[in-house]
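This report concerns only the one structure given below.
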Amino acid sequence: MKALLVCEYREGKLLDSTYELLAFADRLGAEKAMFLIGSDSALPACSTTVYLADAAKHGEYNPDVHKKLVLDAAQRENADCIVFVHSSYGWDLAPRVAAALRAGQVSEIVGIVDGGYEVGCCNAKMRRTVVPKSGKAVLTIQAGAFSSSDTPQGTPRVERIDTADGASPMEFVGYEPAEKKDVDLTRAEVIVSAGRGVGKKDNIPTIEALAKALGGELGASRPVVDAGWVDHSHQVGTTGQSVSPKLYVACGISGAIQHLAGMKKSDFVVAINKDKDAPIGEVADVLVVADVMQFVPALTAKLQ
Ligand code: FAD
């Protein structure tokens, strides 16, 4: 199987998610080639072919033009699958490529099983296996689901690509900075995060008190943010912030892949969960099996 891996490039830099694509293709046992609309100064460290189109000419994003370039590289490579990260870039571009190829698309892949791909369902509590029936397939992988501890290395063979037809009614204008956050979790050394298991909004100050006693910040899982218990600026995960504190305390958080993707770089993880089999236990250094609203106040009192 041959895989064309579509790298991401933003504001002059190659994004680290590129290496997750390589880890995915390695696990798939596929022959790899990469595709980048970027620049010579931001090539990935790898020993594969990189089809390189110039971002200065083609824009950091233009779905019409980028689609043509991806299709051109896929044809030259005779790729069986074209793989994107399931980011805002991937989820916009991948279906356009799939439609142009009349190929099946599998989105948000979190695992590989014999002959198929695992994707989350039932709010990421279960997994189902999807097998593309089309000859060629377009795939998007969940950020954080495939990573390698190996340091990327190698020098790519660069094949330059261009498109004669760069016409598009769309134009890339620029990036709009996100609203100013009231907390910057990316710099926090200690984060204590509240999950749905905390129960209700009135219990958030109890979690916040532990964060304060540890000299840290309050984090949260997505349901807590969606319920309006805390502001989105506290959300950790694929649609929140990616954090790397020295200590991460997960209170009543199950450990869905989208949450783990945002906190897996933490040095030390403590999870408090009443379910001893909660998936967070697989990444936690310490799993405290307890009712969070009994354990946390007792721990905070000790620390104080
Ligand atoms: P649940 O999964 O409901 O888990 C609650 C946990 O609390 C359970 O393990 C339970 O055993 C435990 N519990 C219950 N009561 C108690 C108690 N009294 N004491 C102790 N433990 C208790 N999620 C994120 O967090 N961040 C993201 O950025 C994010 N992005 C997403 C993007 C997409 C496209 C999708 C589809 C989903 C995303 N999600 C994200 C949602 C994610 O899939 C999970 O649904 C979410 O992380 C679950 O949050 P939770 O662990 O707080 O809740």
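Candidates Gln235, Gln241: the one that is open to solvent by less than 10 Å² (accessible area, probe 1.4 Å), of a type in the set (S, T, N, Q), within 11 Å of the ligand (Cβ to nearest atom) and in contact with a strand residue (DSSP E or B) (Cβ under 8 Å, 6 or more places away or on another chain) is Gln235.
Just wondering, is there one or more residues in segment 258-271 that are more than 12 Å from the ligand (Cβ to nearest atom), under 18 Å from Gly197 (Cβ atoms), β-branched (Val, Ile, Thr) and open to solvent by less than 10 Å² (accessible area, probe 1.4 Å)? Yes - at least one qualifying residue is present in segment 258-271. Only one of the numbered conditions (1) under 22 Å from the mean Cα position of the chain (by Cα); (2) away from the ligand (no atom under 16 Å from the Cβ); (3) modelled with pLDDT of 90 or more; (4) not in a strand (DSSP E or B) is not met by Thr129, and that is (4). Restricting segment 281-304 to residues that are aliphatic (A, V, I, L, M) and within 7 Å of the ligand (Cβ to nearest atom) leaves a set whose member that is farthest from Val119 (Cα to Cα) is Met293.
Looking only at segment 53-70, residues that are open to solvent by less than 10 Å² (accessible area, probe 1.4 Å) and part of a strand (DSSP E or B) come to 1 in all. The single condition among (1) out of contact with any Gly (no Cβ under 6 Å at 6 or more places or on another chain); (2) under 21 Å from Lys274 (Cβ atoms) that Val198 does not meet is (1).
The residue of segment 146-163 that is nearest to Val269 (Cα to Cα), among those that are surrounded by 17 or more Cβ atoms within 10 Å (Cβ to Cβ) and modelled with pLDDT under 85, is Ser147.
Listed conditions (1) modelled with pLDDT under 95; (2) within 16 Å of the ligand (Cβ to nearest atom) are all met by Gly115, apart from (2). Check segment 20-28 and report whether any residue there is closer than 15 Å to Val158 by Cα and either within 15 Å of the chain's Cα centre (by Cα) or surrounded by fewer than 20 Cβ atoms within 10 Å (Cβ to Cβ) (or both). No, segment 20-28 contains no residue that is closer than 15 Å to Val158 by Cα and either within 15 Å of the chain's Cα centre (by Cα) or surrounded by fewer than 20 Cβ atoms within 10 Å (Cβ to Cβ) (or both).
Is it the case that some residue within segment 102-114 is loosely packed, with under 14 Cβ neighbours inside 10 Å and of a type outside the set (Asp, Glu)? Taking every residue of segment 102-114 in turn, at least one turns out to be loosely packed, with under 14 Cβ neighbours inside 10 Å and of a type outside the set (Asp, Glu).
Val106 fulfils the conditions (1) assigned to a loop (DSSP other than H, G, I, E, B); (2) of a type outside the set (S, T, N, Q); (3) free of Cβ contacts under 8 Å to residues at least 40 places away in the same chain except for a single criterion, (1). Residue by residue through segment 38-59, note down the ones that are touching a Gly at 6+ places or on another chain (Cβ under 8 Å), free of Cβ contacts under 8 Å to residues at least 60 places away in the same chain and aliphatic (A, V, I, L, M). Those that are touching a Gly at 6+ places or on another chain (Cβ under 8 Å), free of Cβ contacts under 8 Å to residues at least 60 places away in the same chain and aliphatic (A, V, I, L, M): Ala42, Ala55.
The values are calculated or read from the model by the stated rules, or taken from the named source; none is laboratory data. Computed from a predicted model, the values in this text were never measured in an experiment. Positions of Cβ are backbone-derived with ideal geometry, glycine not excepted, and every protein chain shown enters the neighbour counts. Just so you know, the surface numbers come from the protein's heavy atoms only, side chains and all, with ligands and any DNA or RNA stripped out. Shrake-Rupley method; radii C 1.70, N 1.55, O 1.52, S 1.80 Å.
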